[in-house]
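Derivation of every value follows stated rules applied to the coordinates shown; laboratory data play no part. Treat the numbers as computed from the prediction; the structure is a model and nothing was measured. Note that we place each Cβ from the backbone using ideal geometry, even for glycine, and neighbour counts take in every protein chain shown.
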C-alpha cells in the first residue's frame, strides 16, 4: 500500500513549525487521546506543539481575565455573512475580494493560530510569524498573517472536533469528518460545546473588530446550515460552486500538499482518494438538503466560472440579492485588488477519459444539477 511520502514531505517533516502551536495543553492532550497519537517521524512537531502550548498557557489565562467577560456580553448586531462551498470551488478568491469592503471584518490567519490569546500577543505578532511557513500548503500563495483565512483553523485550536484534524490526524479522518461537519454520533453535550465554542469565537472576532459584520469563509459550514441558523437566524449565505471535474483534481492536489505540511500521522494514497470522493458526496448532499431552510433573500449561489469571467458583475449581484449596502463605496478597492491579482494563474489540469468516467460515476448528481461538462 503506497503512502504519501516523497522528498517534499521529508523536508517538511524536518520543519517543526505547526499551526497548532497555540493550542491549550488540555486540548492537545485530548486530541492525542481521541486520534491515536502521532507517528514516530512526526515526534519533532509533537514536541514543538507541546512546548509552545505550555509556554502560551499564561497568555491564555491573561486573555480570559482581561477579555472573556467583555466577549461573552458582546452583541452580534450585524448577522454574519457565510461564504460556503466545497474546497477548491473559489471560496478563497471570493472571500478576499469581498474583504476589500471595509464594512466587513474577517478571520485572519493570526486569529486562527491563537484564537484565545491573539489580543494579548498582538505586540509580538511579527516575532511569532517566524513559526509559520512562508506559503500556504494548498496553493503556494504567500502567507499573510493579517490576510483572510477560514474559521475552521481556529476551531481546530479550540475544540477536539474540526475538519482540520482530518489533516492533522489522517488515520482518524473519517471520525473527525463525520463528527465535526455532520455532527454524526456526537453526544448532545459535545454538540452544544461545539456551538458554544464557535459562537464565542464569532463574538471574539466581533469584539476585536468593534462590532463590524463578520464575513466568514469556511467550506465545512456548507453542511452545517441547520446548526448555523440556530446560532444566527438572520445570517446570509453565499454558496459558490465549480466544475466538479476540476474540483476533483484540485482537491486531490490540495489534500496531498496540505498533508505533507500538517499531518502528524501517515495515510495511504488509497485512503486519501476515498476521502476526497466520499467527503464531496456527503458535503454536497447535505447542502442540497439543508439549503431550503435559508430564507430566499438570504442565500445566493455563484458559479465560479462566472465570477472569474466578470467578477464585478457577480459581486454586484451578491450585494443586490442579499440587500447589502456599501457596494459603490467598496468598488474602488475591489477593482484595485482585481488589478493586483491579474497576473495570477490558476492551475491547469489534464483531464483524461479515465478521470471523466471516475468523476461521472461518483459525482454525477452535482454534474447534472449544475449542468457541467468535462473541461476541454
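Here are a few things to note about the model shown:
- With the simple spin-label model, which puts each label point 7 Å out from Cα in the Cβ direction, the residue 340 to residue 231 separation comes to 2.9 nm.
- One equal scatterer on each Cα of the range 164-317, no solvent, Debye formula: the resulting log10 I(q)/I(0) at q = 0.17 Å⁻¹ is -1.24.
- Relative contact order %, the chain, counting alpha carbon pairs below 8 Å whose residues are six or more apart: 25 percent
- Value of [θ]222 nm, deg cm²/dmol, for the chain, DSSP H segments ≥ 4, -39500 (n - 2.57) each, nearest 500: -17000 deg cm²/dmol
- Based on Cα contacts under 8 Å between residues 6+ apart, the range 282-376 shows a relative contact order of 20 percent.
- Whole-percent P(r), the range 146-208, all Cα pairs, 5 Å bins from 0: 4, 18, 26, 25, 15, 9, 3, 0.
- Inter-site label distance for residue 309 and residue 364 at 7 Å from Cα along Cβ, in nm: 2.7 nm
- Residue 295-residue 143 pseudo-label distance in nm [points 7 Å out on the Cα-to-Cβ vector]: 4.1 nm
- The gain in end-to-end length when the residue 190 to residue 127 segment is fully stretched comes to 19.1 nm, 0.36 nm per residue minus the alpha carbon separation.
- Note: relative contact order over the range 297-345, using C-alpha pairs below 8 Å and six or more positions apart, is 33 percent.
- Normalised per residue, the volume of the convex hull around the Cα set of the range 300-344 (Å³): 62 Å³
- Cβ crowding within 10 Å averaged over residues, with 183-192, 203-212 ranked highest first: 203-212, 183-192
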